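To start, the structure under review is shown below, and the notes come after it.
The values are calculated or read from the model by the stated rules, or taken from the named source; none is laboratory data. Nothing here was measured: the structure is a model prediction, and the numbers come from that model. Please note: Cβ atoms are built from the backbone with ideal geometry, for glycine as well, and neighbour counts cover all protein chains shown. Surface areas here come from the heavy atoms of the whole protein model, side chains and all, with no ligands, DNA or RNA. Shrake-Rupley method; radii C 1.70, N 1.55, O 1.52, S 1.80 Å.
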Amino acid sequence: MVETTTEAEKRTMRGYLLGDLSDEEKARLEERFLSDGVYFEQLSALEEELIEAYVHRELEEPDRERFERYFMQSPVQRARVERTAIVLHALESARREESLLASTPSRFPKVVRLRPSRRALGFLLAAAALLIGVTTPWMLMQQARLRAQIEQSQAALRQEYQLEQQLREEQKQAGAQIAQLSERLRELRSPQLNNPILDAYPSRFTRSAAGRAANELTVPPGGKTITLLLHSTSRKAYPTYRLEIVDAKDSVIWQREGLVRQPTGEYVVSLPSELLPPGGYTLQVFAPNRSQRVLVESYRIQIGAPR
C-alpha cells in the first residue's frame, strides 16, 4: 500500500481513534474514509498499530487512558483487542517454544511428533492474522454506517415529533373554532327577542348639504341579528333580485340571489350583527340579469358603535 497521508492526517486519524475529535471533525473524517479506499486502509493500519501497542503496553499513559476510555467502550472493539492479544501471545509462546526446542536435545520423539510443525503453526497464525485484517475494516465501516443510520433515525423521529405536535395544536385550534361556530349556529337557530329593525333609504333620498349622506344605523348592545328594511320607490319590478354588500374597501363581503320585494315596496334582509361591525357599507340591489349587471337600488349605511 502506497503511503499517501501526511503527518497531520495521521494525527487526525489517531485523534479519531482515541476520541479526541469533535463531532463535526469525526463526521468529515468518516465521510472521507467511506469514499476513499486508500485512506480507509491507512486508517485501518494505524488502528492495528494502536491495538498492538496497547497489547504490548507500549502506549504512553495519556494515550492508554484515552484508548481504554473511548476505543474499548464498544464491545466489538474490546473483542478485537482481546483477539489480537491472544494471537500475539500465541506467537510469542510459539517463538519461545521453538527456541527452547532448538537448544534442547530431543529426548521424547513421540511427544515431539504430536506437536504441530512449524509450517502448520505458521499457516495457523497467518490465517488468524488474515481473518483479523479482513474483519477489522469491515467492522469499522459497519460501525460508521450504523452510527449514520442511528443519527438519521433520530433526526426523522425529531421531525415526526415536531410534526405531530404541530398537528395536535392545529387540531386543538380547529376544535375550538368548530365549537364557537356550533354555538353561534345554535344561537341563530334559537328564537330571539328584541332584534332591532332598522330602516334604510336609497342613496338618492339621503342627500345633505355636503352631498349624499349615509343612513346612520346603530346596533343595540347584545343584538345578535339585525333586520334591515330597505325602502324602495323603483318602478322596475322583477320576480327576484340579487343583493351584494360591499365594505369601505369596495370588497364584496356577502351576496345572495333570491331577494324578493315586499308588496309594500321594501326589501327585508336579516343579517348576523357580527357581519356588519362598525364602519361604512353599501348595499346594492341588482336585477336578475346574468348577461349584464343592472343596478336597481343602492343604499349607503354607516354602522355606529353600540351605545
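Restricted to the range 234-249, and to residues that are assigned to a strand (DSSP E or B), charged (D, E, K, R) and under 24 Å from Val219 (Cβ atoms), which residue is farthest from the chain's Cα centre (by Cα)?
Step one: list which residues in the range 234-249 are assigned to a strand (DSSP E or B), which gives 241-247.
Keeping just the survivors that are charged (D, E, K, R) gives 242, 244, 247.
Okay, now just the ones that are also under 24 Å from Val219 (Cβ atoms), so 244, 247.
Details: Glu244: 44, Asp247: 41 Å.
Per the criteria, the residue is Glu244.
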Exercise. Within the range 164-188, how many residues turn out to be more than 20 Å from Leu275 (Cα to Cα) and open to solvent by 70 Å² or more (accessible area, probe 1.4 Å)?
Worked result: 10
Exercise. So which pairs qualify, if the first residue must be in the range 33-49 and under 16 Å from Thr6 (Cα atoms) and of a type in the set (Ser, Thr, Tyr), the second must be modelled with pLDDT under 90 and open to solvent by 40 Å² or more (accessible area, probe 1.4 Å), the Cβ gap must be under 6 Å, and the two must be at least 6 apart or on different chains?
Worked result: Tyr39/Arg32
For this session: Just give me the residues in the range 262-293 being open to solvent by less than 60 Å² (accessible area, probe 1.4 Å) and modelled with pLDDT of 90 or more, in sequence order.
Result: Glu266, Tyr267, Val269, Gly279, Gly280, Tyr281, Thr282, Leu283, Gln284, Val285, Phe286, Ala287
For this session: Go through (1) under 26 Å from Pro288 (Cβ atoms); (2) surrounded by 14 or more Cβ atoms within 10 Å (Cβ to Cβ) and name the single condition Val219 misses.
Result: (1)
For this session: Report yes if Ser44 is open to solvent by 50 Å² or more (accessible area, probe 1.4 Å), outside any loop (DSSP other than H, G, I, E, B), among the hydroxyl-bearing types (Ser, Thr, Tyr) and on the phi < 0 side of the Ramachandran plot, otherwise no.
Result: no
Problem set entry | Test set (1) open to solvent by less than 40 Å² (accessible area, probe 1.4 Å); (2) more than 14 Å from Val296 (Cα to Cα) - Lys249 fails condition number | (1)
For this session: Quick one: Glu297 ticks every box in (1) open to solvent by 20 Å² or more (accessible area, probe 1.4 Å); (2) in a strand (DSSP E or B); (3) in contact with a Ser or Thr (Cβ under 7 Å, 6 or more places away or on another chain) except a single one, so which number is it?
Result: (1)
Exercise. How many residues are farther than 18 Å from Thr225 by Cα and either in contact with a helix residue (DSSP H, G or I) (Cβ under 9 Å, 6 or more places away or on another chain) or assigned to a loop (DSSP other than H, G, I, E, B) (or both) when one looks only at the range 274-294?
Worked result: 9
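Looking at the range 222-233, which of the residues that are of a type in the set (S, T, N, Q) and either open to solvent by 20 Å² or more (accessible area, probe 1.4 Å) or free of Cβ contacts under 8 Å to residues at least 60 places away in the same chain (or both) is nearest to Ser203 (Cα to Cα)? Working first, answer last.
Initially, the range 222-233 is screened for residues of a type in the set (S, T, N, Q), giving 225, 227, 232-233.
If we keep only those that are either open to solvent by 20 Å² or more (accessible area, probe 1.4 Å) or free of Cβ contacts under 8 Å to residues at least 60 places away in the same chain (or both) as well, we get 225, 227, 233.
On the way: Thr225: 24, Thr227: 19, Thr233: 12 Å.
Ranking the qualifying residues of the range 222-233, first place goes to Thr233.
Considering only residues that are outside any helix (DSSP H, G or I) and closer than 20 Å to Ile86 by Cβ, look in the range 50-64 and name the one that is most open to solvent (accessible area, probe 1.4 Å). Spell out the reasoning first.
Here is the first cut: in the range 50-64, the ones outside any helix (DSSP H, G or I) are 56-60.
Checking the rest, the ones that are also closer than 20 Å to Ile86 by Cβ come to 56-59.
On the way: His56: 76, Arg57: 178, Glu58: 129, Leu59: 22 Å².
Result: Arg57.
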Seminar exercise, completed: Matching residues in the range 250-273 (in a loop (DSSP other than H, G, I, E, B) and closer than 26 Å to Pro221 by Cα) number 0
